[in-house]
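**Student:** I'd like to ask some things about the structure below.
The values are calculated or read from the model by the stated rules, or taken from the named source; none is laboratory data. These numbers were taken from a predicted model, which means no experiment stands behind them. All Cβ positions, glycine included, derive from the backbone under ideal geometry; neighbour counts span all protein chains shown. Just so you know, the surface numbers come from the protein's heavy atoms only, side chains and all, with ligands and any DNA or RNA stripped out. Shrake-Rupley method; radii C 1.70, N 1.55, O 1.52, S 1.80 Å.
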Amino acid sequence: MSNLDLFIVNVALPDMGRHFDGSSLSSLSWVLNGYAVVFAALLVPAGNLADRTSPRRAYLVGTGIFALASALCAVAPTVWFVVAARVLQAAGAAVMTPASLGLLLAAAPPARRGAAVRAWTAVSGLAAALGPVVGGLLTELDWRWVFLINLPVALAVLVTGPRVLPHPPQRPGAVRTDLASAVLLTVGIAALALGLVRGPDWGWGSAGVVGALCAGVLLLAAFVYRSAHHPAPVLPLPLLRVRTFSTASVAAFVFSVAFAAMLLSAVLWCQNVWHWSALRTGLAIAPGPLMVPGLAIAAGPLVARLGAGRVAAAGCGVFAGGITWWILRLDPQPDYVGAMLPGMLLTGVGVGLILPTLISAAVTALPAASFSTGSAVVTMARQIGTVIGTALLVAALGGATAGDLGSLTDAYDLGWIITDTAIVLAGLTCLAIPRPRPASAP
């Protein structure tokens with residue numbers, strides 16, 4: 001449900017802007033970034049809460065909050081009401097997501113945990129594959145339906161969950177996570193995003209932009225300092241001493257910068273440059289995500305033979321090839337088969353090789369007691385990357401002159417060059433992931 005929501009909302013964003021009196025892209029970006037910022041900041045406190053109390057109960061409570069917020073999004077009278085409801089929706093997702101993986105890993109035997117994470121990611125990939133098409137269909141009716149679709153799914157979870165979910169052990173002695181750190185992280189990431197998004201409008205040297213970027217850096221520095229001195233920080237620094245976990249988390253962050261920019265750029269190109277409908281846009285994007293579920297499973301033997309770092313790095317190379325194809329081939333004259341589709345397929349193959357591999361490598365490197373918190377840290381890194389990627393793309397597109405196709409295509413090319421740079425950095429980080437040592441013979 002949470003992965004479906006990400007893709008559905010991306011496809012619906014241009015229609016949402018037209019409904020709310022032509023809201024600017026910089027304002028609409030907060031429908032995505034408001035969700036991602038709060039989701040990132042609350043993941044670790046929510047994962048800690050799940051570990052301390054009951055992952056089962058946390059999962060059900062998070063699902064209920066997510067459903068309530070989805071209903072509020074659907075009845076929103078203004079774009080900023082949508083943003084506020086998305087913040088509440090993010091809180092529900094932050095409780096639900098780490099608890100779901102904690103439940104799964106608690107139920108799986110140790111030898112099957114890597115495969116279990118891949119299956120979990122494959123289901124997420126399936127939701128991502130369906131998202132663009134479902135979003136396009138629902139947006140043809142009304143953009144509000146992209147939020148209402150969550151309600152029957154949540155109802156099914158709340159009815160069946162109490163009967164079928166496992167009861168993993170609790171850690172009642174664990175210290176409560178530092179919520180002040182969560183506030184520092186939220187405001188710091190939001191300030192960085194504000195500075196990047198408003199740069200083209202306010203001027204990169206303006207007091208507002210420079211002040212927002214400096215405030216973001218200082219707040220994030222305070223967040224790291226507090227994390228180092230609190231007994232239960234939002235970012236548990238001791239986990240970062242596990243080299244596989246820390247390197248895979250950094251790689252997931254940088255990859256998410258590229259992924260967020262890629263996804264939003266494809267949606268905006270189809271609807272704003274080629275003037276396609278939301279449904280046609282969803283169908284155009286779907287082939288890429290459809291590559292993910294099968295590859296999430298099929299990459300398992302490759303990881304066992306070559307190591308997670310090499311497989312993920314190869315995926316980054318394929319992803320970069322897709323973005324480079326768009327730079328070279330996409331132009332204002334619509335050509336889906338020759339220009340858009342090859343790049344979409346290549347990026348889909350890249351995601352299928354990268355994302356499941358990085359999540360599995362990171363989480364399975366930790367002890368069982370830290371599964372929920374560790375998965376929350378990885379997802380937090382991905383969400384922060386999503387915020388930065390979205391903000392960088394919006395900043396790149398903000399320099400385009402209205403009505404000038406040449407200026408617009410140059411702006412998209414700049415966005416894709418930024419995307420390619422991020423994915424190359426992600427690939428280099430992936431190569432630093434250590435291969436597990438073979439077990440010694442008894």
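**Student:** Between a residue in region 222-236 that is farther than 17 Å from Ala376 by Cα and open to solvent by 20 Å² or more (accessible area, probe 1.4 Å) and any residue that is modelled with pLDDT under 85 and not in a helix (DSSP H, G or I), which pairs come within a Cβ distance under 6 Å, given they are 6 or more apart or on different chains?
**Tutor:** His230/Asp178; Pro231/Val175
**Student:** Can you pull out every residue in region 283-293 that is under 14 Å from Ile8 (Cβ atoms) and either among the polar types (S, T, N, Q) or modelled with pLDDT under 90 (or both)?
**Tutor:** Within region 283-293, Ala286, Pro289 qualify.
**Student:** Now for a separate question. Between residues in region 2-16 that are touching a residue at least 60 places away in the same chain (Cβ under 8 Å) and among the β-branched types (Val, Ile, Thr) and residues that are outside any helix (DSSP H, G or I) and open to solvent by 10 Å² or more (accessible area, probe 1.4 Å), which pairs lie under 8 Å by C-beta distance while being six or more apart or on different chains?
**Tutor:** From residues that are touching a residue at least 60 places away in the same chain (Cβ under 8 Å) and among the β-branched types (Val, Ile, Thr), the pairs are Ile8/Ile149.
**Student:** Report, by residue number, each residue of region 173-205 that is of a type in the set (Ser, Thr, Tyr) and open to solvent by less than 30 Å² (accessible area, probe 1.4 Å).
**Tutor:** Result: Thr177, Ser181.
**Student:** Taking region 245-277 as the region of interest, how many residues are touching an Asp or Glu at 6+ places or on another chain (Cβ under 8 Å) and buried (at least 24 other Cβ atoms within 10 Å of the Cβ)?
**Tutor:** Residues that pass the stated criteria total 1.
**Student:** Condition first: open to solvent by 10 Å² or more (accessible area, probe 1.4 Å) and among the hydrophobic types (A, V, I, L, M, F, W, C). Now tell me which residues in region 360-379 satisfy that.
**Tutor:** Ala361, Ala365, Leu366, Ala368, Ala369, Phe371
**Student:** Can I ask one more? Show the residue pairs meeting these rules: Cβ distance below 7 Å; 6+ apart or different chains; first residue within region 19-41 and within 21 Å of Arg144 (Cβ to Cβ) and modelled with pLDDT under 85; second residue open to solvent by less than 10 Å² (accessible area, probe 1.4 Å) and not β-branched (Val, Ile, Thr).
**Tutor:** Matching pairs, first to second residue: Ser23/Gly17.
**Student:** Does Ala128 count as crowded, with 19+ Cβ neighbours inside 10 Å, out of contact with any Cys (no Cβ under 7 Å at 6 or more places or on another chain), hydrophobic (A, V, I, L, M, F, W, C) and assigned to a helix (DSSP H, G or I)?
**Tutor:** So Ala128 fits the description; yes.
The rows are residues; the columns are (1) surrounded by fewer than 24 Cβ atoms within 10 Å (Cβ to Cβ); (2) part of a helix (DSSP H, G or I); (3) under 16 Å from the mean Cα position of the chain (by Cα).
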{"position": "Gly92", "(1), (2), (3)": "no, yes, yes"}
{"position": "Leu101", "(1), (2), (3)": "no, yes, yes"}
{"position": "Arg113", "(1), (2), (3)": "yes, yes, no"}
{"position": "Trp120", "(1), (2), (3)": "yes, yes, yes"}
{"position": "Pro132", "(1), (2), (3)": "no, yes, yes"}
{"position": "Gly135", "(1), (2), (3)": "no, yes, no"}
{"position": "Leu151", "(1), (2), (3)": "yes, yes, no"}
{"position": "Val157", "(1), (2), (3)": "yes, yes, no"}
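**Student:** Mind listing whichever residues of region 307-324 are of a type in the set (Val, Ile, Thr) and open to solvent by 10 Å² or more (accessible area, probe 1.4 Å)?
**Tutor:** Val318, Thr324
**Student:** What pairs come up if the first residue lies in region 108-137 and is without any contact (Cβ under 8 Å) to a residue 12 or more places away in the chain, the second is crowded, with 23+ Cβ neighbours inside 10 Å, and their beta carbons are under 9 Å apart, counting only those six or more places apart or on different chains?
**Tutor:** Qualifying pairs under 9 Å: Ala108/Val117.
**Student:** If you take the residues of region 254-302 that are over 15 Å from the mean Cα position of the chain (by Cα) and among the aromatic types (Phe, Trp, Tyr), which of them is nearest to Ala426 (Cα to Cα)?
**Tutor:** Trp269
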